[in-house]
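Peer 1: Dropping a structure here in structure tokens format, bear with me for questions.
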2 protein chains.
Amino acid sequence: MTTNPVDTEEKIKEAAQRIFLEKGFDGATIRDIAEAAQINTALTNYYFRSKEKLFWLVYESLLKEALKSVQAIMDKPISVKEKLIALLDHMFEVHAQNPNQAIFFMNECRRNPQGFAEKIGINCEAMEQCFNVQFEEEVKKGIIINVSPDAIFPLIFGMIQQIFAGRELTMHLFQMNEAEFDKHALEQKRIIKEMILKYLFNE
Amino acid sequence: MTTNPVDTEEKIKEAAQRIFLEKGFDGATIRDIAEAAQINTALTNYYFRSKEKLFWLVYESLLKEALKSVQAIMDKPISVKEKLIALLDHMFEVHAQNPNQAIFFMNECRRNPQGFAEKIGINCEAMEQCFNVQFEEEVKKGIIINVSPDAIFPLIFGMIQQIFAGRELTMHLFQMNEAEFDKHALEQKRIIKEMILKYLFNE
DNA sequence: AACTAATTTAAACAAGTGTTTAAAATTGTT
DNA sequence: AACAATTTTAAACACTTGTTTAAATTAGTT
């Protein structure tokens, strides 16, 4: 059998991401990860020093990826309305592909707000600033009702997240299987989108 | 010092609720709870047999209380619009008083969906049924737009929850202190309420 | 092939976990 | 006051946790 250090490192990272997303930092054990990656327990520490360091690597990578794609939408030369629609669709897609992400971020941010702030800090401000300026311009022009973008931005993120953060809860409360939930989620997105557009834009 | 068994039991339950809400089942330890209740570690097992049994007691009590108050609103002889407003205000109040509840339920439901389903199961269906009938009547009358109550109910729960589930995240993302967040939360509620009413009701 | 460096392994470590135990302290009852 | 039952305690239990170690295996170089 050939031993490829890069492959092993990658295998651990992938498994760690999977397990951490599923169980959170507290719930996941180094042995869970090792088993998922099909490697010896000691190797996680050989490659990443500690559980915490491995976690922050996964955490940061997930955050960066998420921010980057949102940034890409915000940088497009399109109207606020188009940006919001794109943002809604994109966020939905991301969470649909990995329903654990929403609750994972909420959780880990609460478990260690400081760490989260350090990781995300600056990147987000710039993006937000850019959106805010455009938003307020359209408010002035009368395209958008008089409301602060600071209230709208988290609302949109939150509403999409909420669909998936409460996935298990919804599925068991309304006794849905996975396919039914997917349908339900799409319907939720449609309503959310209509609601936001109907609310923000004057006809 | 007088030793009152009931008080000790109650002290443990209260501390357990506080700690479980804060750290979740995985994050909380029996020693955390004992310290918070200012009692010996062994007493939690003396009174409640096991950590798991204590947890389910707290979990069920929180769930029942939450359902009961929602049920009370749903049983009132008022219109759907009035019920939705009351529901929004009530949910907001509950979560504002204890911001940890939202994320706690999401988490623990995902950690053990089966257990959640067993605890909540029947109670919820009856309540939902009652609301659904009234809702669909008003849809027929043309008061409410043509949309399923099954989509609206979780949306409202979710949107209020989302404000508080993402509390730490929002605070650090937008660099708010607690007072600023409280103001932000109220603004979020106002927008959510307006959004839902504007969306659901034909003028 | 021989040697060095890198990788992997099994085993153990110390610390923390939920839980139990047996003795001590307290309470209630006669 | 004396006894029995209940409650509380300190200590230990068995187990899991993240981490380390030292030996074994593999890869790369001359």
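Peer 1: Of the conditions (1) closer than 27 Å to B:E118 by Cβ; (2) of a type in the set (S, T, N, Q); (3) more than 10 Å from every other protein chain (Cβ to nearest Cβ); (4) touching a residue at least 60 places away in the same chain (Cβ under 8 Å), A:N202 clears all except one; give me its number.
Peer 2: For A:N202, the exception is condition (1).
Peer 1: Can you name the residue in the stretch A:5-25 that is within 14 Å of DNA strand C (Cβ to nearest atom) and among the acidic types (D, E) and, of all such residues, is nearest to A:N100 (Cα to Cα)? Let's see the steps before the verdict.
Peer 2: As a first pass, look at the stretch A:5-25 and keep what is within 14 Å of DNA strand C (Cβ to nearest atom): A:5-13, A:15, A:25.
Next cut, among the acidic types (D, E) only: A:7, A:9-10.
Values: A:D7: 25, A:E9: 23, A:E10: 21 Å.
Applying the filter and picking the extreme gives A:E10.
Peer 1: Now for a different question. With respect to B:E82, determine if the residue is exposed (fewer than 13 other Cβ atoms within 10 Å of the Cβ) and more than 28 Å from A:A102 (Cα to Cα).
Peer 2: Yes; evaluated as a whole, the condition is true for this residue.
Peer 1: Taking the conditions exactly as written (crowded, with 17+ Cβ neighbours inside 10 Å, at pLDDT 95 or above, more than 8 Å from DNA strand C (Cβ to nearest atom) and outside the structural domain of B:R167 (by TED's automatic domain parsing)), does B:A28 satisfy them or not? Even if it seems obvious, please write down each step before you answer.
Peer 2: Details: crowded, with 17+ Cβ neighbours inside 10 Å: yes; at pLDDT 95 or above: yes; more than 8 Å from DNA strand C (Cβ to nearest atom): no; outside the structural domain of B:R167 (by TED's automatic domain parsing): yes.
No; evaluated as a whole, the condition is false for this residue.
Peer 1: I need a count of the residues in the stretch B:145-170 that are more than 18 Å from the chain's Cα centre (by Cα), farther than 21 Å from B:I73 by Cβ and within 7 Å of chain A (Cβ to nearest Cβ).
Peer 2: Residues of the stretch B:145-170 that are more than 18 Å from the chain's Cα centre (by Cα), as a first pass: B:145-151, B:169-170.
Those left that are additionally farther than 21 Å from B:I73 by Cβ: B:145-146, B:169-170.
Then keep just the ones that are within 7 Å of chain A (Cβ to nearest Cβ); that gives B:169-170.
Total meeting the criteria: 2.
Peer 1: Which number in (1) more than 26 Å from A:D75 (Cβ to Cβ); (2) surrounded by 15 or more Cβ atoms within 10 Å (Cβ to Cβ); (3) more than 7 Å from chain B (Cβ to nearest Cβ) marks the one condition that A:N107 misses?
Peer 2: Only one criterion in (1) more than 26 Å from A:D75 (Cβ to Cβ); (2) surrounded by 15 or more Cβ atoms within 10 Å (Cβ to Cβ); (3) more than 7 Å from chain B (Cβ to nearest Cβ) is unmet by A:N107, namely (3).
The values are calculated or read from the model by the stated rules, or taken from the named source; none is laboratory data. From a predicted model like this one, the values you see are computed outputs, not experimental measurements. No Cβ is skipped: glycine too gets one built from the backbone with ideal geometry, and neighbour counts run over all protein chains shown.
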